[in-house]
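The values are calculated or read from the model by the stated rules, or taken from the named source; none is laboratory data. Keep in mind it's a predicted model, so treat the numbers as computed, not measured. Note: ideal-geometry Cβ built from the backbone for every residue, glycine included; neighbour counts use all protein chains shown. Accessible surface areas use protein heavy atoms only, side chains included; no ligands, DNA or RNA. Shrake-Rupley method; radii C 1.70, N 1.55, O 1.52, S 1.80 Å.
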Amino acid sequence: MNAVDRLLASTRELLWERGYVGTSPKAIQERSGVGQGSMYHHFAGKSDLALTAIQQTGAELRVSAATQLNKPGSARDRITAYLTRERDVLRGCPIGRLTQDPDILADARLREPVDDALGWVRNRLAEVLAEGREAGEFGPDFDPVAIGATLLAVLQGGYVLARAANSVEPYEKAIEGALRLLR
């Protein structure tokens with residue numbers, strides 16, 4: 001990896017682990033092995049580096065979700081594949097965790113790619129659910145937009161509950177409950 005890639009990879013990991021405040025330029029440099037001069041040659045400052053890192057994480061989240069949601073098959077099967085795919089549950093969602101960071105929320109530039117990524121997943125879930133309704137998998141009163149938002153909330157909330165309990169069980173129960181509701 002080149003210096004920019006190492007800086008971005010290190011920033012993404014540190015943001016996931018420590019949040020924005022805990023991600024100091026010094027910590028980024030130490031983890032990436034890139035010096036201060038090189039870091040500031042490529043990025044105007046911590047905020048610009050964090051913005052690019054968050055945008056990359058959001059893009060990765062979209063690709064990961066699309067892997068299951070864009071497959072052929074029934075809406076239920078695709079939603080099930082998405083909700084049950086392997087995740088590092090106790091680490092939480094690298095984008096979802098940023099919603100709990102007051103410094104990210106206070107900066108519209110940093111908050112925007114977080115909102116965009118979560119909005120994309122919510123909308124894609126709704127699209128898949130609408131396809132399922134059209135195919136007769138769900139009744140005519142089924143609201144894909146509301147259910148898509150609910151599924152994303154269950155997923156993100158499951159991460160929070162699992163981290164609080166230091167156990168994947170609350171996450172697994174939340175996902176199991178959501179899937180039962182779709183039946």
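Each Lys and Arg Cβ is given +1 and each Asp and Glu Cβ -1; about its Cα centre, the range 1-69 then shows a dipole of about 80 debye.
For the range 91-167 and the range 7-81, compute the distance between their C-alpha centroids and round to whole Å. Each part's Cα centre sits 18 Å from the other's. For the range 84-174, the fraction of alpha-carbon pairs lying more than 15 Å apart is 65 percent, rounded to a whole number. Size descriptors for the chain (Cα atoms only): Rg and Dmax, in that order, 18.2, 60 Å.
Probing with 1.4 Å while keeping every protein chain in the model, the per residue accessible area of the range 33-155 equals 49 Å². Applying the criteria of a DSSP loop state and at most 13 other Cβ atoms within 10 Å to the trypsin sites (Lys or Arg not before Pro) of the range 1-109 yields R85. Per atom type, the chain shows carbon and sulfur on 51% of its accessible surface, probed at 1.4 Å. In the range 30-106, the alpha-carbon atoms span a convex hull of 135 Å³ per residue. Couplings for the range 126-141, taken from phi via the Karplus curve 6.51 cos²θ - 1.76 cosθ + 1.60 with θ = phi - 60°, read 4, 5, 5, 5, 5, 4, x, 5, 4, 7, x, 5, 10, x, x, 8 Hz in order; Gly and Pro are left as x.
Under a model in which nothing but the beta-carbon of Lys, Arg (+1) and Asp, Glu (-1) is charged, the chain shows a dipole of about 300 debye around its Cα centre. 3J(HN,Hα) couplings calculated from phi for the range 33-39 with the Karplus curve 6.51 cos²θ - 1.76 cosθ + 1.60 (θ = phi - 60°) are, in sequence order, x, 9, x, 4, x, 5, 4 Hz; Gly and Pro show x.
The listed residues W120, W16 rank as W120, W16 when sorted by accessible area, largest first, using a 1.4 Å probe.
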